[in-house]
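Heads up: the structure comes next, in structure tokens.
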Amino acid sequence: MTEHDFIPKPYTVLKQAGKVAWESPSNIALVKYWGKKKHQIPENPSISFTLNSCKTITTVSYTPKEDNTDFSFEVYLDGSRKDDFKPKIQTFFERVESYLPFLRLFHFKIETQNTFPHSSGIASSASGMSALALCLMSIEKKLNVIQSDSEESKDFFNKKASFLARLGSGSACRSIEGDLIVWGKTESIKDSNDLFGVKYPYEVHNNFKQYQDTILLVDKGEKQVSSTVGHNLMHGHPYAKNRFQQAHDNLANLNPILASGDLNAFIALIESEALTLHAMMMTSMPYFILMKPNTLEIINRIWEFRKASGLHIGFTLDAGANVHVLYPKQESVKILEFIKNELVAYCKNGEYICDQIGFGANQIE
Ligand code: DP6
């Protein structure tokens, strides 16, 4: 498929008001997207677990307008007007306009809320942008009189939603479906591509079903470096070429691990990915340290406990100080006890979020 496939045929109904709503989850990358080309094309492939509880709920009400010169929209978070969200949405609308030609013909009221605290340091761009992309897809669907509910059209709907979400925020393209999503063309994953996320196409061992993610909120402050700035730092980065190759290799290496259920190999791979992401930031110019002392305390505690207990507890990190503790469902009783007794003390105000692997976004009727 190419970008061209996402340009729609002329709509059949236009003068119609309405309302659509979606809830869409966040996701946590196992092999990280870090570095992008023009038009939100990733420098390397990535794979993520879709989450279940951390999600954004977005309602979009649309009314036809006479003048179609500008985009017209208002944004609310938890019922309060949020004008500081507008520039990001304006940029998003500009990027997707040729694929959604109705955007200038309506006024949109975008109302959104997150199930996780906005200030938690958990990125809401993946869940937020995917929820918005899905709402716009539902509006597009309503603007066509002839609608089909065939598997083929559902598949196209999801692909285009992921394609649009990517143009809002790269990682958002991995939040439409679950439970494991690959984004970025790589030889070892059939049908993988740079334009949208695809479901991991191979059999996955039971060990990875219902995988748990407990998110330890170490630092809830504003991000020290925005992901856009971070991605840009990979241009001309001395280790970029090797890092991009490593991501391809890690995806290829993950295939036999996911098939066999090899938890030790899985942990080694994801922890190395997390630390490599931070190593890239530490070795860019300018350089950043996004981990906090408590991030390192937690990592060391996890390693000690894993050695002593033989349990399969591992971690990954986002572009921030929070720690995602990952472990299989069947070991969750003992691991959760350890988290509560020993790790929560390192969280800001003792806050953490229990989540697990999920299956993607849902439309709200
Ligand atoms: C570290 O998707 O937030 O979470 O495309 O600029 O919006 P933009 O970046 P974003 O980057 C996410 C980076 C990451 C790794 C990942 O999710 O793969």
* Structure fact -> Of (1) open to solvent by less than 10 Å² (accessible area, probe 1.4 Å); (2) within 16 Å of the ligand (Cβ to nearest atom), residue 171 satisfies every one except (1)
* Could you run through region 1-32 and say how many residues are of a type in the set (S, T, N, Q) and farther than 30 Å from residue 66 by Cβ? => 4
* Residues located in region 31-70, provided they are assigned to a strand (DSSP E or B) and within 9 Å of the ligand (Cβ to nearest atom) -> 31, 36, 42, 46, 47, 48
* Asked: Within region 220-245, which residues are open to solvent by 20 Å² or more (accessible area, probe 1.4 Å) and within 14 Å of the ligand (Cβ to nearest atom)?
  -> 223, 224, 226, 227, 228, 229, 232, 233, 235, 244
* Among the helices (runs of 4 or more DSSP H) contained in region 214-296, which hold 3 or more residues that are in contact with a Phe, Trp or Tyr (Cβ under 7 Å, 6 or more places away or on another chain) and outside the structural domain of residue 46 (by TED's automatic domain parsing)? -> 240-260, 263-282
* **Candidate set: region 66-88, residues that are surrounded by 14 or more Cβ atoms within 10 Å (Cβ to Cβ) and among the charged types (D, E, K, R); chosen: the one farthest from residue 251 (Cα to Cα)** => 74
* Structure fact -> Given the conditions (1) touching a helix residue (DSSP H, G or I) at 6+ places or on another chain (Cβ under 8 Å); (2) under 21 Å from residue 323 (Cα atoms), every one holds for residue 243 apart from (2)
* Asked: Considering only region 1-45, how many residues are aromatic (Phe, Trp, Tyr) and either open to solvent by less than 10 Å² (accessible area, probe 1.4 Å) or in contact with a Ser or Thr (Cβ under 8 Å, 6 or more places away or on another chain) (or both)?
  -> 3
* Any chance residue 63 is touching a helix residue (DSSP H, G or I) at 6+ places or on another chain (Cβ under 8 Å) and either open to solvent by 40 Å² or more (accessible area, probe 1.4 Å) or under 16 Å from residue 164 (Cβ atoms) (or both) -> no
* Test: residue in region 5-22 that is within 16 Å of the ligand (Cβ to nearest atom) and in contact (Cβ under 8 Å) with a residue 60 or more places away in the chain -> no
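The values are calculated or read from the model by the stated rules, or taken from the named source; none is laboratory data. These numbers come from a predicted model, not from an experiment. Glycine gets a Cβ as well: all are built from the backbone with ideal geometry, and neighbour counts include every protein chain shown. What goes into the accessible areas is simple: the full protein's heavy atoms, side chains included, and nothing from ligands, DNA or RNA. Shrake-Rupley method; radii C 1.70, N 1.55, O 1.52, S 1.80 Å.
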